[in-house]
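So the structure is just underneath, and the comments pick up after that.
The values are calculated or read from the model by the stated rules, or taken from the named source; none is laboratory data. Note that the structure is predicted; figures quoted are calculated from it, not measured. No Cβ is skipped: glycine too gets one built from the backbone with ideal geometry, and neighbour counts run over all protein chains shown. These accessible areas exclude ligands, DNA and RNA; they are computed on the full protein's heavy atoms, side chains included. Shrake-Rupley method; radii C 1.70, N 1.55, O 1.52, S 1.80 Å.
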Amino acid sequence: MADNSGVHLLPPLSPLGSYINTEKLQFYIMGVLELENPFSESQTLDFLRDVFIPINTRFSSMILTDEKGVQRWKKIDTIPENHLIIPTLSPSSEDQQLYDEQVHDYLAKINLKPFPEHLSPWDVHLITYPTTNAKTTLVFNLHHALGDGYSIMGALFSIFKSSANPKHPLRFPTASSRMNEVKTNYSKISGLVTKAKNTLTDFTKNVLGAYILKDGETVLRSTTPRVEYEPISITSVTTSMDYIRDIRSKVGGTVNDITTGWISYGLHLYMKKLGESGDGSSRCTALVVMNMRMYRGFKSIEEMLKANIWGNHFGLLSVSLPSFVSDDMESVDPLDYIVQAKEEMLRKANSFGAFFTSKLLHYMGKVTGPEGPANFIYSNVRNKSIMISNMCGPVEKAAVAGNPLKGFYFIIPGMPQSLTFTIVSYMGKLRLVTTSEKGFIDAKLMNSCLKEAFQKMYSAACGEIPVME
């Protein structure tokens, strides 16, 4: 929305926020909260009015563009009723599994639905139909310009209470970022020459990835124009964090290493079952979302959330997915996928490639305006096969306005890819959510392959078959 009345005095969007709010590039964050008990319309409106909107002025601000093309935030009166949507689903005689499908179909329909320009770019969907995971589902659909996942979910967690003891703040995992591991053991891990070499290699690949380097056409990556507007399917697999720790005790690495190896092995199984080799003959690359706040020296999630660094502070790491040449899948050691993922992620952590790429985008934006960096990001994402984003949730049960939170997950609509993965941990469980292009990706087969991959990985590490959800 254009406006010329003293708009230059209003705060501008962050550079990255302006890049992902252009004609070429529109990213969203959809957080899905699964509540244990019914939650009424009046309860939701009270929560939005008294708790959610006051978190940050962005939730009561609209985006407008000044005469120089700069996008800015303008504070407005925000009425919760204008942002609450209560859908009507088809009756299914309280069949929770049918409602599961309807809820996923509904999420796919609101995917990328544009927000009214005169309102703050967010809305909340109150789904009052019981599913296998919730009595009520509360969906927060927000434009990514408001902030990245850590901003949004961190803000929500700051107002959620411990279900067992509402007077105490929620507890989060104590695991630190590998970024700090690299900084602390800098001299032990690599020398300056290695770090410089890694940085130059990664920065060059990031630049070429937008213009020259492109993954091949496989059963994972379609050539559908503007694939981000295609219908999507949503599936998920849940496992215990204890299982993750058991595997770590055998092969080492971080949770991210294990989930990256897990996804890679699952994709390999999927490709094999659809008649593709998955042996590396076709380039297959993942974009892993990186929290750039870790460059500021935060040692834990709790430290970062307490600092309240709002906005978009994420980068995209280009990671080559592990692959092994073998016609017989039984001869492949599933743990090799984790080992190779660990080596690749450690090398990426020992590099400033993402940092310098963010600086390139900043200077590009000064010269071309937000459309230049938007085109760069779009091409880089489109030329890769998959995206992986993860978030750590509380280790104890949370409550939303007194209503216990049974589970939650998030997806990132707007990604120009056929396949994205988002990962959350909560109450000792890890949930891997797959968002896929409907009609191109076989969502049920993909979910089955991911379950099979984890079971084989755990069996190889521990000699047992884990129970999957």
Practice task
Work out how far the C-alpha atoms of the chain reach from end to end along every principal axis, then list the three figures in whole Å, largest first.
Solution key: 62, 58, 44
Problem - 222 nm mean residue ellipticity, helices alone, for the chain (DSSP H n ≥ 4; -39,500 (n - 2.57); rounded to 500) - result: -11000 deg cm²/dmol
Practice task
For the stretch 395-467 and the stretch 341-367, compute the distance between their C-alpha centroids and round to whole Å.
Solution key: 27
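Which helices, taking whole DSSP H runs in the chain, have alpha carbons extending 18 angstrom or more along the helix axis plus mean Kyte-Doolittle at least 0.0?
Working: long enough: 96-110 (21 Å, -0.84); 192-209 (25 Å, -0.06); 255-273 (27 Å, -0.09); 335-349 (21 Å, -0.39); 353-368 (22 Å, 0.36); 443-462 (28 Å, 0.07).
Membrane-span-like by this rule: 353-368, 443-462.
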Fill in the blank from the handout: Output row, site Glu217, 7 Å Cα→C-beta label point, backbone N cut-off 16 Å, window the stretch 426-456, residues 440-441
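How high is the FRET efficiency from Val367 to Lys197, r the C-beta distance, R0 35 Å, rounded to 0.05?
Efficiency for this residue pair is about 0.75.
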Fill in the blank from the handout: Heavy-atom accessible area per residue of the stretch 66-154, all protein chains kept, 1.4 Å probe, expressed in Å², is 45
Handout entry: Computed FRET value (nearest 0.05) for Glu23 with Arg248, which takes r as the C-beta separation and R₀ as 35 Å
Key = 0.20
Completion exercise
Stretched fully, the stretch from Ile465 through Arg226 gains (0.36 nm per residue minus C-alpha distance, one decimal, in nm) 82.0 nm
Exercise for the section: Pop out the carbon and sulfur fraction of the accessible area of the chain as a percent, whole number, probe 1.4 Å. Expected result: 53
Problem - the stretch 202-262 - accessible surface per residue (Å², probe 1.4 Å) - result: 43
Practice task
Let me have the relative contact order for the chain, percent, based on Cα pairs under 8 Å that are six or more residues apart.
Solution key: 25
Fill in the blank from the handout: With the 1.4 Å probe rolled over protein heavy atoms, the stretch 314-469 has an accessible area per residue in Å² of 36
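Between Lys397 and Ser379, what length comes free when the chain is fully extended (0.36 nm per residue of separation minus the Cα-Cα distance, one decimal in nm)?
Full extension of this stretch gives 2.5 nm more.
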